[in-house]
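Nothing in this text is a laboratory measurement; each read-out follows from the coordinates by a stated rule. Every value quoted in this text rests on a predicted model; they were computed, and no experiment measured them. Positions of Cβ are backbone-derived with ideal geometry, glycine not excepted, and every protein chain shown enters the neighbour counts.
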Amino acid sequence: MTNSEETRDAEPFSMPKDPGAYSTSNGSVTNGRSQACDNAKSKLLTSTNGSTELELIETNGIVDSDCNKHMPSSNHQVPDQNGHSTEAIVTTTNSESTSSSNSSTTVPPVLALKKICGEETVKTFTTTEGTLVLTNYRLFVQEKNAHFNIPLGLVELVECRDIFFVHVHCKDARYMRVSFHNNESAAEVAKCVYESITNTNEKEIFAFAFARKANEDEELKAQLAWSEPNFPTNPKERFDYELKRMEFNVDDCWRVSDENVDYSLCESYPTHIIVPSVMNADKLKTVARFRSFKRFPAVVWR
């Protein structure tokens, strides 16, 4: 670029009193804010990377609406034809920038919890990593990249310790620790879970809620074979029906135990139970003596 070209590109101009008009050194006047902004950009822009725009403002702070779309940066002084300085703002074009008024809103996470028949939410809690949902059937924990389902019947112990942490111990040797923002929230979660796993109210226990809802759902009743006219009503016949439906091989790795036919082995177990074939009557009695309420391991569902 020659010296004459540099002088022509940097032709000075003056800021008139009318904020809607700009005059150059040759006396021409341009009306309209947008046109004035365009002229200023074409005459005074000397950026080397092509990403900088120059916008003119008056000392009272009026800026053209079409030019005020970028992030503000440093101020520069541009001399007019009389040698006086006119304040200008150099801004960097950024298509991703937004004004402070358009602040982003937080969208609540979508839970991966799919409730089953009769399942109802008891309470929802916010953890440091996501969300914890307590229902009448399970303890559901969703974090950023994973979620966990723990049926309440599987929970052996729940306790609040280590400050802000709830520890959940399961009967299948699984263990989970959930952190909260304060100790009050952690203590409330531990209390609610404990009340759920020790609840004896028939109206609130999931098995009874499931039965009530299933009786109202004809499709589910068909899946459970409850609507069949020949559905067995005798407990032993119903047990055999379910055994066949779930396709248990009782001739190999499983067997049907009738040692509890008089409820002498375990008062809270049914008369017939599916157990591993290697567990004979003596072994079941031995194991039951070391279990809480004599509830030895047995098949529940498949």
How large, in Å, is segment 121-197 by the Kirkwood hydrodynamic radius built from its alpha-carbon pairs? 12.1 Å
Size of segment 232-294 along its principal axes in angstrom, Cα-based, largest extent first? 33, 27, 16
If the chain between residue 184 and residue 292 were fully extended at 0.36 nm per residue, the gain over the current Cα-Cα distance would be 35.7 nm
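Can you give the FRET efficiency for residue 225 and residue 173, using 1/(1 + (r/R0)^6), R0 = 25 Å, r = Cβ-Cβ distance, to the nearest 0.05?
0.15
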Can you find, among 264, 276, 234, the residue farthest towards the positive end of the dipole of segment 232-294? Put +1 on the C-beta of Lys and Arg, -1 on that of Asp and Glu. 264
Amide H partners (placed H, <5 Å) of residue 122, local residues excluded: 134, 135, 136
What is the extension gain from residue 234 to residue 163, computed as 0.36 nm multiplied by their sequence separation minus the C-alpha to C-alpha distance, in nm to one decimal? 20.3 nm
